[in-house]
């Protein structure tokens, strides 16, 4: 069986939460009567909270895995002899000269502003749907990951612009477009 993507995992979690809510509101009162509904709703809320916590821990793992994957991919490229100009994690990290964070009061919205060597600023954000799940450290971490991903795109564009100025680049691009 193929592993679910992050989007698939989120969709599955949403379906499970919806099913739990429907179960607690429709089926449980018929089985147990109105006297025990409060206890069952509390129990279902705890189950839901554990599902959300699991999702956050998997996101934290996926962030660490993404960093490990970046470095593993770079090692593969080096081993394969990929010598053409390309970006790598070290280059992306070297572009960052400072970082600042801001959490909007009474919200879970966390902003990370990464200042690059050339003075350009890249912003990443993260937020929780439920304020009860907010964790400042994780919010900062995810906002920084979001901002760093944007640097990859910007640096990729810049590298393509530089390559476009090189003699013979059009022939190279034509070969790769086919």
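Identify, by number, the condition in (1) within 16 Å of residue 158 (Cα to Cα); (2) touching a helix residue (DSSP H, G or I) at 6+ places or on another chain (Cβ under 8 Å) that residue 108 doesn't meet.
(1)
Restricting attention to region 95-110, which residues are under 15 Å from residue 151 (Cα atoms) and under 20 Å from the mean Cα position of the chain (by Cα)? So that I can check it myself, show each step before the final result.
Residues of region 95-110 that are under 15 Å from residue 151 (Cα atoms), as a first pass: 95-99.
Once the filter is applied, which keeps residues that are under 15 Å from residue 151 (Cα atoms) and under 20 Å from the mean Cα position of the chain (by Cα), region 95-110 yields 96, 99.
Which condition number does residue 106 fail, the rest of (1) free of Cβ contacts under 8 Å to residues at least 60 places away in the same chain; (2) within 24 Å of residue 70 (Cβ to Cβ) being met?
Status for residue 106: all satisfied but (2).
Kindly indicate whether residue 135 is surrounded by 13 or more Cβ atoms within 10 Å (Cβ to Cβ) and over 16 Å from residue 89 (Cβ atoms). Spell out the reasoning first.
Values: surrounded by 13 or more Cβ atoms within 10 Å (Cβ to Cβ): yes; over 16 Å from residue 89 (Cβ atoms): yes.
Judged against the criteria, residue 135 is a match.
Which one is surrounded by the most Cβ atoms within 10 Å (Cβ to Cβ) among residues in region 71-98 that are farther than 17 Å from residue 154 by Cα and in contact with a helix residue (DSSP H, G or I) (Cβ under 7 Å, 6 or more places away or on another chain)?
Checked region 71-98; the qualifying residue surrounded by the most Cβ atoms within 10 Å (Cβ to Cβ) is 74.
Report every pair of residues separated by at least 6 positions or lying on different chains whose Cβ atoms are under 7 Å apart, first residue within region 126-144 and on the phi < 0 side of the Ramachandran plot and free of Cβ contacts under 8 Å to residues at least 12 places away in the same chain, second surrounded by fewer than 16 Cβ atoms within 10 Å (Cβ to Cβ) and in a strand (DSSP E or B).
none
Since every read-out is calculated from the coordinates, none of them should be taken as a lab result. Since the structure is predicted, the reported quantities are computational estimates derived from the model, not experimental observations. So basically every Cβ, Gly included, is an ideal-geometry build from the backbone, and we count neighbours across all protein chains shown.
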